[in-house]
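Enquirer: Pasting in a structure now, in structure tokens, and then I'll have a few things to ask.
Computed from the coordinates by the stated procedures, all read-outs in this text should not be read as laboratory data. Just so it is clear, the model here is predicted, and its values are computed rather than measured. Backbone-built Cβ (ideal geometry, glycine too); neighbour counts: all protein chains shown.
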Amino acid sequence: MELNHIRFGIGKPLLLIHGIGGSWRSWAPVLEGLSKHREVIAIDLPGSGKSPRLKTVSTISTLADAVTGFLEQEDLIGVDAVGSSMGARLVLELVRRGNILGNVVSLNPGGFWQGIETHLFYGSIAVSIRLVRLLKRLNLLPRLLKSDIGRSLLFAQFSAAPWKLPHRLTLDELNSYATCSNFDELLYNLAYGERQQGCIPGTVRQGLVIGWGRQDRVCFPSQAKRAVNLFPDATLHWFEKCGHFPQWDQPQQTIELILKTTDQEVNSTSNRFTRN
């Protein structure tokens, strides 16, 4: 599978997978810090950034197949991985499948909502993407995002301190959302499609950490317990003063968590990468 990606840095390879509608640029606040210790491979998922969309329907399963194909093509089976939001659910799905990834950090994974939470997730994001597309057509995004008030209004759901986010980061993110060719399809399938399956206790032999922001307004903190129940071998890490994207609100803590989690041997004999 051909996926647009960047690859740079030194050390053990590390795969980064963004959330719905994003791109590799979603990781901008942590790229430099990670690349000093790891060879970073940050991808654009199918339909996002510069990657073509899938010829089939876009679901967690088909995206997981595409990422697996990319890893096979690039000789990266067993690579350590970090996912954010939808990408965090993707890495958990790949962990569940087994023998694909090494050590894993899953940051605020989607897919663990229930009942009214599901409708709130779908409805709020559906309204937001329509607004973003309208603002892009009117060419208002650059002007709005230059102000603290504009960033606060447009990123209130995603960040605990949206006025602190860099202008370039927020503009890249919303432009990516607006141009994502399969956003609506992915959003519906994330909310109402296949349910995330878990792992039997004791079957995950690599490092697995699920990180969650205390002020997440997309995937509510109460959902963290459900994620850990489905992945009982995982360690739960809480980010204080943090919304849906720890790499934005707590970049240094995110870097430290990723490096700590991935700086260990992978026990599975099927995985190739070990500690330097």
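Enquirer: With contacts defined as alpha carbon pairs under 8 Å and 6 or more residues apart, what's the relative contact order of the chain in percent?
Expert: 23 percent
Enquirer: Shifting gears a bit: Tell me, Kirkwood radius of the chain from alpha-carbon pair distances, in Å?
Expert: Computed over the chain, the radius equals 18.5 Å.
Enquirer: Another question about this same structure. What does the extension gain come out to for residue 256 and residue 56, with contour length at 0.36 nm per residue minus their alpha carbon separation?
Expert: 68.2 nm
Enquirer: May I ask for the net charge around residue 241, where only other residues with Cβ less than 14 Å from the Cβ of residue 241 are counted and Lys, Arg are +1 while Asp, Glu are -1?
Expert: 0
Enquirer: Counting Lys and Arg as +1 and Asp and Glu as -1, what is the net charge of the other residues whose Cβ lies under 10 Å from the Cβ of residue 25?
Expert: -2
Enquirer: Given Cβ point charges of +1 (Lys, Arg) and -1 (Asp, Glu) and nothing else, what value in debye, to the nearest 20, does the dipole of the chain about its Cα centre take?
Expert: For this selection, approximately 620 debye.
Enquirer: Here's a follow-up. Could you work out [θ]222 nm for the chain from helices alone, using -39500 (n - 2.57) per DSSP H run of at least four and dividing by all its residues? Round to the nearest 500 deg cm²/dmol.
Expert: Working: 11 runs with 115 residues, N = 276.
Using -39500 (n - 2.57) per qualifying helix, the result is -12500 deg cm²/dmol.
Enquirer: Would you please put 156-164, 194-202 in order of how densely packed they are, using the mean number of other Cβ atoms within 10 angstrom per residue and starting with the highest?
Expert: 156-164, 194-202
Enquirer: Once you place label points 7 Å from the Cα toward the Cβ at residue 133 and residue 75, how far apart are they in nm?
Expert: 4.3 nm
Enquirer: Positive end of the dipole of the chain, charges at C-beta (+1 Lys, Arg; -1 Asp, Glu), about the Cα centre: which of 51, 6, 154 has its Cα farthest in that direction?
Expert: So the residue we want is 154.
Enquirer: Longer than 22 Å from Cα to Cα, which of 12/164; 36/260; 50/241; 164/241 are they? Say none if no pair is.
Expert: Flagged as over cut-off: 12/164; 50/241.
Enquirer: For the pair residue 68 and residue 152, how long in nm is the line joining their label points, each one 7 Å along Cα→Cβ?
Expert: 4.7 nm
Enquirer: I'd like to compare 2-14, 242-254, 78-90: which one has the highest average count of other Cβ atoms within 10 Å, and what's the full order after that? If you can, show how the numbers build up before the last one.
Expert: Details: 2-14: 16.8, 242-254: 23.7, 78-90: 27.0.
The peptides rank, most packed first, as 78-90, 242-254, 2-14.
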